[in-house]
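Written out below as structure tokens is the structure these notes cover.
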Amino acid sequence: MTIENYRKVIERIYSEVLPYQGTGKVADYIPALAEVDPGRFGIAVETLEGDTIAQGDAEICFSIQSISKVFTFAMVLRHMGEDIFKSVGREPSGNPFNSLIQLEHEKGIPRNPFINAGALVVTDRLMELYPRPKEAILDFVREVCGNDDIYYDRRVAQSELMHADRNRALAYFMKSFGNIRNDVEALVDVYCHQCSIAMSCVDLARAFRFLANRGVNPADNERLLTESQAKRLGALMATCGFYDESGDFAFRVGLPGKSGVGGGIVAYLPGKLSIAVWSPELDPHGNSLMGIETLERFTTDIASSIF
């Protein structure tokens, strides 16, 4: 398809999905997120050739939350390779993102890197790889999206830290099995900051182009992951990127992707493009209701997915 054809598809979908506003619920367990305007809705598409399509609130920054787990996992995977899978699994959890249930049965090894327990293990390893982990995370995100004006939302980070008891419990529980090595409070601080990164749909779509390009950043042609690592990360996103809704997302959309409770979703079509959607109203699984609806219509209308 040409860029103009993609543009027409996005404009049509934007109009078709708008009536869904008011049918989801903004995340409120983090007070700062509860204050976000539920009526926000943006879509951005970035092709590997560098074309941009932006619709609605696509250039307004929001808290990316669990989408950040893709960035931190990529940072750790590029250094540790397969060794990271000694500490975190690669199977769908089938449980909510902050569940404690499976950890006891599986001796402190989280099912995958995208549930909270798995992401905490990944961040724990990142802290061992980078002396200044919070700066390193921002540097990586700025590199992949080509925007130096990316920062933590300090207010969101503080709000998360004040309501992070479940994440502390997950971390302490895994520490009892020897799967968390750093100080738990320091770990939770880094983790809450990474989730508070503020980006727009345009930023996120650009940031995921290196995955659509099989590990190579199209902006400077630098290889960030090997082809094998990019493939494995994409497989994890396709099977685990939406918590206990991952199967339904694969069924409806058919792309590797990742969601966040801030209402963002990013997905990509290998070899072609990446797409980001933001709508803060979530479905019962914690994923953007309008975001999934948008992406399902997108892959249907362009008649292309990974399946």
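A few remarks follow.
- Of all residues in segment 248-268, those being farther than 24 Å from THR52 by Cα and either over 15 Å from the mean Cα position of the chain (by Cα) or not in a loop (DSSP other than H, G, I, E, B) (or both) number 5.
- Checked against the criterion of being more than 26 Å from THR300 (Cβ to Cβ), basic (Lys, Arg) and at pLDDT 95 or above, segment 75-82 has at least one qualifying residue.
- If the condition is being at positive phi and at pLDDT below 95, then segment 278-307 contributes only GLY286.
- On the stretch given as segment 269-291, residues that are surrounded by 24 or more Cβ atoms within 10 Å (Cβ to Cβ) and in a helix (DSSP H, G or I) total 2.
- Meets criteria (assigned to a strand (DSSP E or B), among the hydrophobic types (A, V, I, L, M, F, W, C) and surrounded by 15 or more Cβ atoms within 10 Å (Cβ to Cβ)) for ALA44: yes
- Subset tally (residues that are part of a helix (DSSP H, G or I), among the aliphatic types (A, V, I, L, M) and farther than 17 Å from ARG297 by Cα) for segment 4-41: 3
- Test for VAL141: is it surrounded by 23 or more Cβ atoms within 10 Å (Cβ to Cβ), modelled with pLDDT of 95 or more and in contact with a Ser or Thr (Cβ under 7 Å, 6 or more places away or on another chain): no
- Exclusive hit being among the basic types (Lys, Arg) and either surrounded by 20 or more Cβ atoms within 10 Å (Cβ to Cβ) or within 18 Å of ALA119 (Cβ to Cβ) (or both), set ARG252, ARG232: ARG232
- Residue in segment 168-185 that is more than 24 Å from MET237 (Cα to Cα), aliphatic (A, V, I, L, M), surrounded by fewer than 23 Cβ atoms within 10 Å (Cβ to Cβ) and over 21 Å from the mean Cα position of the chain (by Cα) present: yes
- GLY146 meets the conditions (1) touching a residue at least 40 places away in the same chain (Cβ under 8 Å); (2) over 21 Å from GLY215 (Cβ atoms) in every case but one. The failed one is (2).
- Every pair of residues 6+ apart whose Cβ atoms lie under 9 Å, when the first sits in segment 232-245 and is touching a residue at least 40 places away in the same chain (Cβ under 8 Å) while the second is assigned to a helix (DSSP H, G or I) and of a type in the set (Asp, Glu): ARG232/GLU82; PHE242/ASP248
- The set of residues in segment 292-307 that are of a type in the set (A, V, I, L, M, F, W, C) and either touching a helix residue (DSSP H, G or I) at 6+ places or on another chain (Cβ under 7 Å) or not in a helix (DSSP H, G or I) (or both) comprises ILE292, PHE298, ILE302, ALA303, ILE306, PHE307.
- Any hit, segment 60-74, residues being over 24 Å from ASP183 (Cα atoms) and either part of a strand (DSSP E or B) or free of Cβ contacts under 8 Å to residues at least 40 places away in the same chain (or both): yes
The values are calculated or read from the model by the stated rules, or taken from the named source; none is laboratory data. What you are looking at is a predicted structure, and each value in this text was computed from that prediction instead of being measured. Cβ: placed from backbone, ideal geometry, glycine included. Neighbour counts: every protein chain shown.
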